[in-house]
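The values are calculated or read from the model by the stated rules, or taken from the named source; none is laboratory data. Just so it is clear, the structure is predicted and the values come from calculations on it, not from any experiment. Neighbour counts run over all protein chains shown; Cβ positions are idealised from the backbone, glycine included. These area figures cover heavy atoms from the full protein model, side chains too; ligands, DNA and RNA do not enter into them. Shrake-Rupley method; radii C 1.70, N 1.55, O 1.52, S 1.80 Å.
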Amino acid sequence: MFRSLHMKLVLIMLLLITSLMTIVGAFMMTSITAFYIDEFYQQMESVFGDSNPANIPFVASLRSWAEEENVPKLQEMIEAKAGDLGLNANIRNYYILDGRTGAYLAGSDGEDAFARLPVSQNLLTVRNSIAAGGSAVGDQSDIAASYMDLAIPITSGSSAYIIYIYDNRDTVTDLNGQLFVIILQALLVGLLISVLLSFLLSKTMIIPIERLTEGAERVAAGDFSSAIAVESTDEIGILTTTFNDMAEVLQDTLEAVENERNKLDTLFLHMTDGVVSFAGDGAVLTNNPAASRMLGREVAFYDYEALFGQQAPLQKVLSLQRPDFVSGELNVGERILELYLAPVSDEEGGAMAVLHDVTAQRKNDEMRKEFVANVSHELRTPLTNVRSYAETLRDDAEIPRDMVDSFLDIIISETDRMTRIVQDLLTLSRLDSGMADLRMSRFPLAVAIESVCRAVELDAQNHSHTLVRKYGSGVMLPVITGDRSRLEQVMMNVVGNAIKYTPDGGTISVDAGVTGKNVWIEVSDTGIGIPAKDRERIFDRFYRVDKARSREKGGTGLGLSIAKEIVLRHHGTISLASHDGPGCTVRIVLPIRQEEVRHEE
């Protein structure tokens, strides 16, 4: 209850008013008491003081009667000054005492009344009486005492008397009591006013603070939609304006952070490298799908020891200082993974694992090495033949003319073979680098296929093959967009391979059709076929199913590779289709309109 700012404000106001009224009351009551004490002694001074010349005869008369030890006469003279002394039977009285013993001799209030005074029993020990006993006027009074008194010594010869005037301060007490009641009433009114003011002040101060609190709670809950109304230009208004600005900046900052986090989450989820983070005890904190895919299991169900404990102990990784890391290689099935392990931070502990799939890179390296070896081998064989026959012609001048011509024919044939290899390699290089621009145009597909068939028809007849055209029956082939010469080169390679690798007397079938927005071309043969183990690599460069027979047929091993690159440049596909019986079927799929394909991409 007392923790609220409103109650604290009420208590502060109450304490302030109470403290103020207490201090003012104490000051006023003390001042009144001091005033009455000063007034008492000034009044006594006006009667007995030596500073007033009119008092000298009166004091002398007192001493004269004291020398004669005439107490009644002393009493008569003092009573004559009763008005000046302010004597009052209820408040202020005088007493004539023996100067040596302090015994009561006479007075305005009687001996019984004197005996009831708080100073009567030990009068000679009272400060003012002691002073009078020493022939000095005792005119000192304590503001905290309950009375005021004055002791005046009257001595003459051997006689000694004390005129003792006693004031019980009832007037001061009554006045202070009335003043206390007034102060208490004022205090109650002040407290009531302070409570009312505190409520009014709370509307001015606490309500804006409560609104700020509600706004802070909304901001803490993530609600930045509503700003707090600014109703004043004071410090609270400035604070409210600053809070609204802070909330706006915080909203912009959180949106920026959220956007960055979303980007990082998207990158984390879709990046090709696998990432796994571990706590200091080896438990998996986060991982992306690539990590589970590379490792072939759900990473979240395992810990560091089960995943990478054999590559490097966790404590070794945690003991590293950034940017140090541990690298290694991990084989998972047919995958080859590069592994990098590093500590997350120097203080909190934890480790991060990054997996990079280098399987394709390693295969590409092997294919590159194989490609270089194949090129070297393909060029070395004809070069060796050319060199051998050329050296024979140079060293033996008696070779018959018909043998010389035969050797020269072999040299020319091998040179043509090397030229074809170099030209095919140049074509592939241009296709790979994008320098081989395609000359797009619209042309009838049926006309292009027929042109290819007519070009290879004589070669087919030489091998006693039957060339079957199926594309003209039933289906009207459309006009397509593409580089006609390149596509005819593709079909020429496919049909030429079918003729080349089909034993004499076989059948070569060429078919075509339309499926949706694509056209397809299929070339089937009854030849030697392609074993299942070689089907995935049949379009690789320099790959041959039967290398000896391929070279015998004059092939370079690049025809299907070139065909594949040209088809891909046309946004199509080339593959081996399912085939019944001996031989194989090559299927080419091309879009009818290239613009539609680019738009979809």
Got a sec? Which of L254, L264 is within 18 Å of V344 (Cβ to Cβ) and within 14 Å of the chain's Cα centre (by Cα)? L264
Taking region 88-123 and keeping residues open to solvent by 40 Å² or more (accessible area, probe 1.4 Å) and assigned to a loop (DSSP other than H, G, I, E, B) leaves A89, N90, I91, R100, T101, A103, S108, D109, R116, P118, Q121, N122
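For (1) modelled with pLDDT of 85 or more; (2) of a type outside the set (S, T, N, Q); (3) surrounded by 12 or more Cβ atoms within 10 Å (Cβ to Cβ); (4) not in a helix (DSSP H, G or I), each residue gets a yes or a no:
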site: S406; (1), (2), (3), (4): no, no, yes, no
site: I410; (1), (2), (3), (4): no, yes, yes, no
site: E414; (1), (2), (3), (4): no, yes, yes, no
site: T419; (1), (2), (3), (4): no, no, no, no
site: V422; (1), (2), (3), (4): no, yes, yes, no
site: L425; (1), (2), (3), (4): no, yes, yes, no
site: L431; (1), (2), (3), (4): no, yes, yes, no
site: L438; (1), (2), (3), (4): no, yes, yes, yes
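How about region 221-240: which of its residues are assigned to a helix (DSSP H, G or I) and open to solvent by less than 60 Å² (accessible area, probe 1.4 Å)?
Those that are assigned to a helix (DSSP H, G or I) and open to solvent by less than 60 Å² (accessible area, probe 1.4 Å): I236, G237, T240.
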Answer yes or no as to whether S194 is among the hydroxyl-bearing types (S, T, Y) and over 30 Å from V10 (Cβ atoms). no
Of all residues in region 546-580, count the ones that are hydroxyl-bearing (S, T, Y) and modelled with pLDDT of 85 or more. 2
Of all residues in region 23-53, which are without any contact (Cβ under 8 Å) to a residue 24 or more places away in the chain and out of contact with any Ser or Thr (no Cβ under 9 Å at 6 or more places or on another chain)? I23, A26, F27, S31, F35, D38, E39, Q42, G49, D50, S51, P53
Of everything in region 455-495, what is closer than 17 Å to L558 by Cβ, out of contact with any Leu (no Cβ under 9 Å at 6 or more places or on another chain) and either open to solvent by 20 Å² or more (accessible area, probe 1.4 Å) or polar (S, T, N, Q) (or both)? Give them in sequence order. Q489, M492
Options R211, R218: the member that is within 25 Å of T253 (Cα to Cα), of a type in the set (D, E, K, R), surrounded by 14 or more Cβ atoms within 10 Å (Cβ to Cβ) and in contact with a Phe, Trp or Tyr (Cβ under 9 Å, 6 or more places away or on another chain): R218
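Okay, residues lined up against (1) modelled with pLDDT under 85; (2) open to solvent by 20 Å² or more (accessible area, probe 1.4 Å); (3) outside any loop (DSSP other than H, G, I, E, B); (4) of a type outside the set (D, E, K, R):
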| position | (1), (2), (3), (4) |
| --- | --- |
| Q140 | yes, yes, no, yes |
| I163 | no, no, yes, yes |
| V181 | no, yes, yes, yes |
| Q185 | no, yes, yes, yes |
If I filter region 391-404 for residues that are within 30 Å of R569 (Cβ to Cβ), open to solvent by 60 Å² or more (accessible area, probe 1.4 Å) and modelled with pLDDT under 80, do I get at least one hit? no
Does region 440-485 hold any residues that are modelled with pLDDT under 85 and not β-branched (V, I, T), and which are they? Y471, G472, S473, G474, M476
Quick one: D174 ticks every box in (1) in a helix (DSSP H, G or I); (2) farther than 27 Å from G110 by Cα except a single one, so which number is it? (2)
For region 63-74, indicate whether the set of residues that are touching a helix residue (DSSP H, G or I) at 6+ places or on another chain (Cβ under 6 Å), open to solvent by less than 50 Å² (accessible area, probe 1.4 Å) and among the polar types (S, T, N, Q) is non-empty. no
